[in-house]
Amino acid sequence: MSSSIFFNRHNPELKPMRRLFLITAIGTMFAWLNAANVLAQAKTPAAKESDFYRIVTCEVPENVELEATAFQLMPDGRVAVSSRRGEIWMIEDALAEIVPSTKFKRFAHGLHEPIGMALRDGWLYVTQRPDVSRLRDSDGDGEADEFEVVADGWQITGDYHEYAFGSKFDRDGNIWVALCLTGSFGSDALYRGWAVRVTPDGQTIPTTSGIRSPGGVGMNSVGDVFYTDNQGPWNGTCALKHLQPKKFVGHPGGFRWYEQAASVMGPKPQEPKDGSRFVTEADKIPEYEPPAILFPYGKMGQSAAGITCDTTNGKFGPFKNQMFVGDQTFSTVMRCYLEKVDGHYQGACFPFREGFDSGVVGLEMHPDGKMFVGGTNRGWGSRGGRSFCVQRLDWTGKTPFEILEMKAIQGGFELVFTEPVDPATAEAIESYSLKTFTYIFQAAYGSPEVDATTPTITKAKVSEDRLSVRILVDGLQRGHVHHLTSAGIRSASGAGLLHADAYYTLNYLPK
């Protein structure tokens, strides 16, 4: 059959053949387009954390073991960094693309494991094991030459565990100091296992009892104070906890000092029942404040550490006013969303950035929207293989597709996203999975995950602006971590979530 006859549209006998040809051709075309699309997706690499937040490594001077524990921005633009080994260094041009070792100059040495710095009236306030001291360079040669003890209203024994973690200044000009216990179980020196406040005039005020082994202390965007505590006795896993005057945060090992603190703290609280659960004891003990966020052990980390807050108003990306927490063992930075329910802080933690060179301890958000990250393995070990690091985390300007907020609502949760979602995937129940568990509140070291449940997600509804989804849940569990995985959700542009896991600590249910 010649082509001229086949394509003669005026020949009625050939219409069925033409129809078959067109159907076959169209089907082949769509099959080819679908295959091309699948192939293109296969060739498109999955998004990586480094696409959005880039790690910059500062070159520490040769033969210097700078186990970075804290940072402080100075008035002239330098950045101070303290070392666990008792030194403070100043970094010039710390925001440059490359920070060579020549930009480091030692400012002070001979301190006792400083972990916390703050600046006021030209003085650098440093929290170290035995005290809060202040330092300054009065002759302008770049080295501290004046040292003054501001407050030393607590004691030390020499036990390796007795670290002191200091905050920035609070609304009233106080520095909050979180004091490790002597070992994991007891308190052999005054106010070990407590948080104290150092006032502008140098008084030490006992403030909060129940601390075990802090890893950092910091403030949220409205100035409320939090600290991280680590797995051990009375701490089933690591956690972010809210520090408040006259409160108790879980470990009774320092209760012996209520006699000295009675004029400020009042009577000693009831001791928690060994083997109970966090919210069970919170309902019985008025002074007890349960953890705001529990970091599931071995999933989100193993040694919660430094705290910082993004108050840069968008210069660090979409996470305005959210808190970030380092983990020493995993060499990571986590992200935390907090809200108040029934007068108490609670919220969710999310993976954020891994891959730092050492165990993350010190965090500091620079006003220009860059996060300084310092670390040490201190002989404990860490995923980051180096013994220390001084690094910086820079936002690349690209917005990751993430769960921005996870909020508790009546009968479920509301998820807010950094980008509009695809309604079909966001409203599909199979896009989600939800499990819950909690930890034993006990005097023994740590706890396994216990009381596991699998609630049922009954409905998911996307908002009109497609930036949020409300998921209704049958079987919410008060006092449990709710582990939500949202692997099936896609953005409007077809991207999957950079991190599909979220862990919400549901201590209190919205009314």
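None of the figures in this text is laboratory data; all of them are computed from the coordinates on show. Predicted model, so just to flag it, every value in this text is computed and none were measured. Note that we place each Cβ from the backbone using ideal geometry, even for glycine, and neighbour counts take in every protein chain shown.
Worth pointing out:
- Residues in segment 489-503 carry Karplus couplings, in order, of 6, 10, 6, 4, 8, x, 7, x, 5, 5, 10, 8, 9, 9, 10 Hz; the curve used is 6.51 cos²θ - 1.76 cosθ + 1.60 with θ = phi - 60°, and Gly or Pro positions show x.
- Among the listed values (1) 22, 49, 20, 6, 3, 0; (2) 19, 41, 27, 12, 2, 0; (3) 22, 56, 22, 1, the one computed from these coordinates for P(r) over Cα pairs in 20 Å bins from 0, in percent is (1).
- Taking GluC sites (Glu not before Pro) as exposed when their DSSP state is a loop state and no more than 10 other Cβ atoms lie within 10 Å, the longest site-free interval of the chain runs over 98-463.
- Relative contact order computed over segment 403-506 (Cα-Cα under 8 Å; 6+ residues apart), in percent: 32
- Greater than 19 Å apart at Cα, pairs in Lys315/Lys407; Lys103/Lys315; Lys320/Lys340; Lys168/Lys268; Lys315/Lys340: Lys315/Lys407; Lys103/Lys315; Lys168/Lys268; Lys315/Lys340
- Its Cα centre serving as origin, the chain has a Cβ charge dipole (Lys and Arg +1, Asp and Glu -1) of approximately 2100 debye.
- Amide H contacts of Thr312 (H built 1.01 Å from N, in plane; Pro and chain starts excluded): Asn321 sit under 5 Å, all sequence-distant by 5 or more or on other chains.
- Long-range HN-HN contacts of Glu364 with modeled amide H, under 5 Å: Phe372
- For the chain: relative contact order, % (alpha-carbon pairs under 8 angstrom, 6 or more apart): 11
- Environment charge at Gly475 (Cβ cut-off 13 Å; Lys +1, Arg +1, Asp -1, Glu -1): 0
- Note on the chain: dipole from Cβ charges, positive end direction compared against Ala118, Tyr503, Gly193; the farthest Cα belongs to Tyr503.
- Here's the list of lysines a cross-link from Lys299 could span, going by alpha-carbon distance under 18 Å and ignoring same-chain residues fewer than 8 apart: Lys435.
- For Phe401, net neighbour charge (Lys/Arg +1, Asp/Glu -1) across residues whose Cβ lies under 13 Å away: -1
- Length gained on full extension, Lys511 to Glu146: 125.9 nm, using 0.36 nm per residue less the C-alpha separation.
- For segment 172-321: rounded, prolate or oblate by the Cα gyration tensor [a/c cutoff 1.5]: oblate
- Amide H contacts under 5 Å for Gly193: Leu179, Cys180, Leu181, restricted to partners 5 or more places along the chain or on a different chain, H placed in the peptide plane at 1.01 Å from N.
- Projected label distance in nm at Thr453 and Ser276, using a 7 Å step from Cα toward the beta-carbon: 2.0
- Percent antiparallel among DSSP beta bridges (both partners in the chain, rounded to 5): 95
- 222 nm mean residue ellipticity, helices alone, for the chain (DSSP H n ≥ 4; -39,500 (n - 2.57); rounded to 500): -3000 deg cm²/dmol
- Applied to segment 279-295, the Karplus parametrisation 6.51 cos²θ - 1.76 cosθ + 1.60 on θ = phi - 60° returns per-residue 3J(HN,Hα) values of 6, 4, 6, 5, 6, 9, 10, x, 6, 7, 10, x, x, 6, 9, 8, 9 Hz, with x for Gly and Pro.
- Sorting His112, His366 by the number of Cβ atoms found within 10 Å of their own Cβ, with the fewest placed first, yields His112, His366.
- Local electrostatic count, Asp188, Cβ distance below 13 Å [Lys/Arg +1, Asp/Glu -1]: 0
- The Asp139 and Ile98 beta-carbon pair, evaluated with R₀ = 35 Å, returns a calculated FRET efficiency of approximately 0.70.
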